[in-house]
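Engineer: Submitted below is the structure of interest, expressed as structure tokens.
The values are calculated or read from the model by the stated rules, or taken from the named source; none is laboratory data. Bear in mind the structure is a predicted one, so any value in this text is a computation, not a measurement. Here the Cβ is made from the backbone with ideal geometry for all residues, glycine too, and neighbour counts use every protein chain on show. When the accessible area is computed, the model is the full protein with side chains, heavy atoms only, and any ligands, DNA or RNA have been set aside. Shrake-Rupley method; radii C 1.70, N 1.55, O 1.52, S 1.80 Å.
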Amino acid sequence: MVASNGQYITLQDGLRLHYLDQGAGQPVVFIHGSGPGASGHSNIKQNYPQLAAAGHRVIVPDLPGYGASDKPETQYTLDFFV
């Protein structure tokens, strides 16, 4: 499931990433896990609204290959994600 208020950014290599950006204040970046159905929203949907309401800026990306981000044909290794 993808949250309806997401945004997109296109990286220099053309990869398009989806992310949520809510709230204001000190930023907190959430990085989701992997596996079937993983995405920033699905893995962290119970947490980020509460931190945003508490005065933080929350940034919740969908890593490449997950959620609404591009899913390139590549080896999804740790080096790729870094």
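Engineer: Normalised by the number of residues in the range 1-44, what is the relative contact order in percent for Cα pairs under 8 Å and 6+ residues apart?
Structural biologist: With pairs under 8 Å counted, the relative contact order is 38 percent.
Engineer: I'd like the antiparallel share, as a percent to the nearest 5, of DSSP beta bridges with both residues in the chain.
Structural biologist: Approximately 75 percent, going by the DSSP bridge assignments.
Engineer: Which whole-angstrom value gives the distance between the alpha carbon centres of the range 24-52 and the range 63-82?
Structural biologist: 17 Å
Engineer: Something else: If you count only protein heavy atoms with a 1.4 Å probe, what accessible area per residue comes out for the range 2-82, rounded to a whole Å²?
Structural biologist: Here the per-residue accessible area is 63 Å².
Engineer: What does the charge add up to near residue 36, with Lys and Arg as +1, Asp and Glu as -1, over the other residues with Cβ less than 15 Å from its Cβ?
Structural biologist: That works out to 0.
Engineer: While we're looking at this one, here's another question. Consider just the alpha-carbon atoms of the chain and return their Rg together with their Dmax, both in angstrom.
Structural biologist: Just the Cα atoms of the chain yield Rg and Dmax of 12.8, 39 Å.
Engineer: Now, a different point. Grab the DSSP H runs of the chain that are 4 residues or longer, score each as -39,500 (n - 2.57), total them, divide by all residues and round the 222 nm result to the nearest 500 deg cm²/dmol.
Structural biologist: -3500 deg cm²/dmol
Engineer: While we're here: Do you know the relative contact order of the chain, to the nearest whole percent, from alpha carbon pairs under 8 angstrom that are 6+ apart?
Structural biologist: Relative CO of the chain lands at 34 percent.
Engineer: Something else about it: For the chain, give the percent of accessible area contributed by carbon and sulfur heavy atoms, probe 1.4 Å, rounded to a whole number.
Structural biologist: Heavy-atom surface of the chain belonging to carbon and sulfur, 1.4 Å probe: 52 percent.
Engineer: With an 8 Å cut-off on Cα pairs and a minimum separation of 6 or more residues, tell me the relative contact order of the range 36-82 in percent.
Structural biologist: For the range 36-82, the relative contact order is 36 percent.
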